[in-house]
Structures are given as structure tokens and as C-alpha cells.
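Report on the structure given below.
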Amino acid sequence: MDKKTDVLKICLVTATLSDGGAERVAALLSNYFDNQGFEIYHVVFNGKVSYNFSGKIFHLEHLKDKRNSWWSRSKRFFALKNFFKNHHFDYVIDFRTKPLFLQELLIHNFVYPKFIQTVHSFKLKSYLPKNSFLAKILYRNCLQFITVSKGINDKVSAKYNFIPSELIYNPIDFELISDKIDEYVSDDYSYILSAGSMNKNVKQFDKLIECYAKSTLPSKNIKLIILGEGKLKNKWIKLAESLNLKEMIVFKGSVKNPFRYYKNALFTISTSKYEGMPMVLLESLACETPVISWNYASGPSEIIQHQRNGWLVENQNSEKLIEAMNLFVSDIHLYLHYKENALTSVKQFDLDTIGAKWLKVLKN
């Protein structure tokens, strides 16, 4: 797409710029908007920055003291207020969840100008109060909700129809993946892959580990690699040890280039309670690696074409998940069929295609 003649000034607001799917989307969109010639800023509330992004960054954690005192919080609030006062943004796009109602009420109504809110999880209470009246107060300066799956969009538009909502899927940067996919991986063994944050048990790595232990994979010397960090990591390491799988389950932590791990995996697996539009499935398929996932409420059925690029398993059914894992390593012809279709099945999520949909929303 040709660069725009009008230079738009856009602010993308995230909790971090690492580890999360919503944060990865923000980083990808910043690269796309920058390529359109727009002026891009990021407001990051806390945590590290590891994703490749474009634009300038205002990191609030640099103003935080060790105790996170009231003085420190006040200082960050007024710094944020002055930041938005001094920058006249054409658009503010917020990618954060909203767990603290009063804090967000102050930010939405006394800091932000008009803004767009993205909703990246089927668990709507992470973004919206159950009470519609409170939701109207919280989002009275919100221009639009952008949801990342049909399931989320249907749910938002049914209950919170006082603000228009529109579905725009998460993008994939195929060019970035192509540049990184062939980096050397030193792990010289067969493995399957899973990835995600370990701060809460949304990804249900405990169930994945238990299913893996009951599958035929360990006996076939096929390991399980898990990418990600979080406070539950040690608990999952101990679980692996208790199942005598310390050598078979490899915890790689947070890695800068997950694509090389996707590329070399036999398949990628998701055992989440819920998601929005899981990037782990999209990026795995973009790396030509088929996927297995429980068919939870939002995401997998819009990504996985059952028995074409992967396998959709009845939600939370561990026995069926184990059967699918065993099938992928026992039926080579079926597996190669899924692998052959992986890349083409996600071409509609290309960054340029999704970015153009964002431009249309901003124009309107």
C-alpha cells in the first residue's frame, strides 16, 4: 500500500511490549503504521520491551519507585496526563485489560482523549464491567471496540451495543517470520511446542503436561518444549519432575525468536481455558507447522480447518487431546497433509491485509 500524504499521529497503549498476544499485535501495527508514514508513539505501563516495534516510547515504569508508593502512582498519573496534553494525537488505541475500575475510570475520563479499545479475550470482564451502566461510564470517551474474533465480537455487540464494535483479526508479519525462521536451533531432537504466559493458569500447562505424559510421545523420544515465563513456571517444572519427565519437558523461558522453534516443531498445541485470537496458533501455521487445540469459545475454530491444517479437539477433553497427539505422530501421511496446508491456510491474516482494515476504521 502506498504511503499516505496525511501524517497521522497515533498512540498505542499497552501493558508491556513483550510476552502477550495483544502486545505483539500492537508492535506489528506500529510497524505497519510507520510504513504508511504515520507518526507513532507507544505508552507502556510496565514490564520489559522485547518485541520489534516502530516509533517513540514513553515507559511509565521508569517513574515507579521500589515500593510503588502513592507518591509514585500520582507522579505517573500526572506524567501520563501531561503526555497526552502535550501530544495532540489523531488516534489513541488501547490494548490493555482493565482489572482496576477506578484507576481506569480516571485514565479514560481525565487523561485520554477520545480512544479506540481493542478486546483480545473472550473473558470480557477483563475489559468491561458486567454492569452495563458502569461500562457506559467507563467507556464514555470510547469511539469504538475492535474485537479479534467472531466469538468476542458477538458477545460484545450483544451486551455492550452502546459503542459500535468491529471484528479485525490479529495480523501475521510473514516478512518478519521469513527473516527469522531459519536461525539456527541447537536442540537436536524431535519435539512438540506450546507457548504463553505462566503468570496465570489460562494456558493450562498443567493439563498439557499431564496429557503429554499419558501420550505415546515420551516413549517415542519426542520432547515437549514450552516457551514463556511467569510465577507458575517453577510449579510446572516440579510437575514435570514428579512425572519423571524432567529430561523430556524443556522450559525455554522467554525467547527473542519463537519462530525458529515453531518451524522445527512437529506440531504446536494449545490447551487454554479461553483466548481471544491465539497468536501461538496463527504463528505456528505461518511457520508451516500444524496445530492441535481444544475448541474453546474464541479463536481456534476461526484458525484451524479441522483435518486440513490441524485438529480441533472437544473443549477440555483430555482423552481426545491425547488421541490427537498420538495420531499426529503415528499417521505420517495425515500429518504431512496438515503440514502442506499450514501456510496457505493463514494467508488472509497477512499484516498488509489486516492493516488496511485498520486504516479503514481510522478513516471512518
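Bear in mind that the values in this text are calculations on the coordinates, not laboratory data. Everything quoted here is computed from the prediction, not taken from an experiment. Cβ placement follows ideal geometry from the backbone for every residue including glycine, while neighbour counts extend to all protein chains displayed.
Dipole check for the chain: with +1 at the C-beta of Lys and Arg, -1 at the C-beta of Asp and Glu, and the Cα centre as origin, the magnitude is about 1760 Debye. Counting 0.36 nm for each residue step from Thr353 to Asn161 and taking away their Cα separation leaves a gain of 66.5 nm. Packing around the peptides 296-308, 152-164, taken as the average count of other Cβ atoms within 10 Å per residue, puts them in this order, highest first: 296-308, 152-164. The amide H of Lys9, built 1.01 Å from its N in the peptide plane, has Glu39, Asp90, Tyr91 as neighbours under 5 Å, considering only residues 5 or more places off or on other chains.
Ordered by the number of other Cβ atoms lying within 10 Å of each residue's own Cβ, fewest first, His88, His337, His120, His59 fall into the sequence His88, His337, His59, His120. In this simple spin-label approximation, Lys256 and Phe45 carry label points 7 Å from Cα along the Cα→Cβ vector, and these lie 2.8 nm apart.
Each of Gly253, Asn46, Leu167 was placed along the dipole of the chain (beta-carbon charges, centred on the mean Cα), and the one lying farthest toward the positive end is Asn46.
When the Cα positions of Ala79, Val111, Phe101 are compared along the charge dipole of region 71-112, Ala79 comes out farthest toward the positive end, with charges on each C-beta of Lys, Arg, Asp and Glu. Between the alpha-carbon centres of region 300-332 and region 4-42 there is a gap of 34 Å. Each of Ile292, Trp311, Gly276 was placed along the dipole of region 174-348 (beta-carbon charges, centred on the mean Cα), and the one lying farthest toward the positive end is Gly276. Principal axis extents of the C-alpha atoms in the chain (largest first, rounded to whole Å): 61, 48, 41. Across the chain, Cα pairs under 8 Å and at least six residues apart give a relative contact order of 14 percent. Packing, taken as the mean count of other beta carbons within 10 Å per residue, orders the peptides 190-200, 235-245, 348-358 from highest to lowest as 190-200, 348-358, 235-245. Between the alpha-carbon centres of region 158-215 and region 80-144 there is a gap of 26 Å. Across region 269-285, computed HN-Hα scalar couplings (Karplus, 6.51 cos²θ - 1.76 cosθ + 1.60, θ = phi - 60°) run 10, 10, 10, 5, 6, 7, 8, x, 10, x, 5, 4, 6, 4, 6, 4, 5 Hz from first to last residue, x flagging Gly and Pro.
Using the Cβ-Cβ distance between Tyr184 and Lys136 with R0 set to 45 Å, the FRET efficiency from 1/(1 + (r/R0)^6) comes to roughly 0.25. Here region 244-364 is treated with +1 on each Lys and Arg Cβ and -1 on each Asp and Glu Cβ, and its dipole about the Cα centre works out to around 480 debye.
Counting only Cβ charges, +1 for Lys and Arg and -1 for Asp and Glu, the dipole size of region 184-332 around its Cα centre is about 480 debye. Taking amide H as placed 1.01 Å from N in the peptide plane, the amide H of Tyr191 sits under 5 Å from that of Lys223, Leu266, each at least 5 places away or on another chain. Fewest neighbouring Cβ atoms within 10 Å first, the residues Met325, Met248 line up as Met248, Met325. Backbone amide hydrogens, once placed in the peptide plane, bring Trp311 within less than 5 Å of Val291, Ile292, Ser293, excluding anything fewer than 5 places away on its chain. Computed from Cα positions, the angle between helix 318-330 and the longest principal axis of the chain comes to roughly 60 degrees.
Summarise the long-distance tail of P(r) for region 174-348 by giving the % of C-alpha pairs beyond 22 Å. Within region 174-348, distances greater than 22 Å cover 38 percent of Cα pairs. Would you mind getting me the FRET efficiency between Asp206 and Asp65? Use the beta-carbon distance for r and R0 = 56 Å, nearest 0.05. Here the calculated transfer efficiency is 0.95. Say a paramagnetic label sat at a point 7 Å from the Cα of Glu241, along Cα to Cβ; which residues of region 195-230 have their backbone N under 18 Å from it? Backbone N within reach: 206, 209-210, 226, 230.
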